[in-house]
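The values are calculated or read from the model by the stated rules, or taken from the named source; none is laboratory data. These numbers come from a predicted model, not from an experiment. All Cβ positions, glycine included, derive from the backbone under ideal geometry; neighbour counts span all protein chains shown.
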Amino acid sequence: MRKYLEPAIMICLALALGLTFKQESSEGVKDSVVVNGNDTSWRLDVTKLQGDTLIHLPFDPYFKAPKTYKAFPLTANLKAFFGADIKEESLDVIFECADGYKPHMSLEKALAGNGYLAYHDLAASEGSHWPDSVAGTLAPFYLVWPDVEAGNKDYVRPYALIGIELKKAEVEFAAAIPRLAKHMEGYDLFSSTCMKCHSMNKAGGAKAPEFNFPKNITEYWTKENIWAFIQDPTSFRYSSQMPAMTSIDRADFEKIYAYLESMKTQKPSE
Ligand code: HEC
């Protein structure tokens, strides 16, 4: 079940913490956790964020430069929110962002990765948390991993982060899982590269178009156009908000496409 924290409460909590968010999300903050199959919902309470500290990244993948942030440690705060005894192996961390971006990663990796919820860039001008050019993009929180290589795709780096859920990914994204096992590989590729922005049967990100409901993407886009689009979206639309998916080769794309097409026969009832 989804729980929403009103934006007004979010602002109060933010003020209590001494944070002044320049941009408030209209979506509010929510979180929930499934531990050992028991559905237990938790409210993310930003006043409980602990361990305010300064961290330095020799290379920040967003700015592509060295950066220093004020930040809260992720592991300590996940344990504080969700309990020190969260069962690591079977859970995923699902990140909710103000713009509908919704990436996920394994909780076990997240706990081991020494992540930080950055909320203040030391390069920001007086009275701001972020440089003006990126304030609307990065606030309120940006997740960084000072010890993880920038290219490591197992670690997601969401910004505009507003909520965290601990859940099995196969529960959160159940509606997107293909009935036939032969499409699982395509689903896994889709899940790690596309679903943080796009949804399948309404499961996944809300930053980009849905791919199956009511019409399947393969019912109105040709295979070759999808292939060309993902390599260079701006060759179709000069203003496209989708980044080129350069990590996907043709063999991966064949699997993703077969999965996408197979979902035609697996639509939600409404
Ligand atoms: C970072 C977010 C993001 C990711 C990741 C992403 N997309 Fe997109 N995609 C978008 C956005 C936003 C649009 C909306 C149209 C635009 O801006 O061009 C879009 C549009 C599309 C479209 C055109 C659909 C339409 O009718 O407009 C296709 C096809 C597509 N994406 C395929 C993919 C596939 C396949 C993947 C994974 C390999 C993927 N995208 C990953 C953001 C993303």
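Brief remarks follow.
- Asp232 in the same structural domain as Trp130 (by TED's automatic domain parsing) and without any contact (Cβ under 8 Å) to a residue 60 or more places away in the chain: no
- The one condition in (1) part of a loop (DSSP other than H, G, I, E, B); (2) within 11 Å of the ligand (Cβ to nearest atom); (3) at pLDDT 95 or above that Pro214 fails to fulfil: (2)
- The single condition from (1) closer than 30 Å to Phe72 by Cβ; (2) part of a helix (DSSP H, G or I); (3) of a type outside the set (Val, Ile, Thr); (4) near the ligand (Cβ under 7 Å from one of its atoms) that Glu170 fails is (4).
- Residue satisfying condition, being surrounded by fewer than 16 Cβ atoms within 10 Å (Cβ to Cβ), within 22 Å of the chain's Cα centre (by Cα) and assigned to a loop (DSSP other than H, G, I, E, B), within set Ser247, Ser239: Ser247
- Failed item in (1) within 8 Å of the ligand (Cβ to nearest atom); (2) free of Cβ contacts under 8 Å to residues at least 12 places away in the same chain, with Ala251 passing the rest: (1)
- Of the numbered criteria (1) over 16 Å from the mean Cα position of the chain (by Cα); (2) farther than 19 Å from Ser192 by Cα, the one Leu138 fails is (1).
- Across segment 214-233, the number of residues qualifying as farther than 17 Å from Ser247 by Cα and either in contact with a Cys (Cβ under 6 Å, 6 or more places away or on another chain) or surrounded by fewer than 17 Cβ atoms within 10 Å (Cβ to Cβ) (or both) comes to 9.
- Test for Ala181: is it in contact (Cβ under 8 Å) with a residue 40 or more places away in the chain and either in contact with a Pro (Cβ under 8 Å, 6 or more places away or on another chain) or not assigned by TED's automatic domain parsing to the domain that holds Ser106 (or both): no
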